[in-house]
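Below: the structure, in structure tokens.
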Amino acid sequence: MSKPIEFTDNNFENEVENSNQPVLVDFWAEWCGPCRMVGPVVEELAGEFEGKAKVGKVNVDHNPQVSVKYGIRSIPSLLIFKNGEVVDQIIGAVPKNQIKSKLEAQLN
């Protein structure tokens with residue numbers, strides 16, 4: 001089973017912006033309660049979308065540059081990228097099926 005990729009200020013451009021697959025990015029922090037609710041969902045989706053889309057996480061406390069670049073003001077924030085552009089976003093803890101359907105919509 002695939003684990004979420006840890007995206008950082010250093011690898012974000014290569015892993016996300018230059019990806020030829022859709023990418024789900026979970027912006028989170030260890031101290032954030034709702035983030036801990038979304039975390040297991042993101043892990044499940046990483047396995048379910050293995051080979052079809054990249055799924056990963058950005059710790060906002062450790063990676064301020066990418067968080068500022070994308071205007072992350074509240075967490076959890078989930079951004080979906082396609083061809084290097086943000087095509088969808090989800091803010092707050094939401095059910096797995098909502099995240100999954102938004103990511104699936106970017107697969108074609």
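Every number in this text was worked out from the coordinates using simple rules, so none of it is lab data. On a predicted model such as this, the values are computed, not experimentally measured, just so you know. Note: ideal-geometry Cβ built from the backbone for every residue, glycine included; neighbour counts use all protein chains shown.
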Local electrostatic count, residue 63, Cβ distance below 11 Å [Lys/Arg +1, Asp/Glu -1]: -1
Lysines whose Cα lies under 19 Å from that of residue 96, excluding same-chain neighbours fewer than 8 positions away: 3, 52, 54, 57
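What GluC sites (Glu not before Pro) does the stretch 1-43 have in DSSP loop regions with at most 14 other beta carbons within 10 Å?
Sparse-neighbourhood loop GluC sites (Glu not before Pro): 30.
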Read-out semi-axes √(5λ) of the Cα gyration tensor in Å, derived from the coordinates shown; its label in [x] 18, 16, 12; [y] 23, 15, 12; [z] 21, 18, 13: [x]
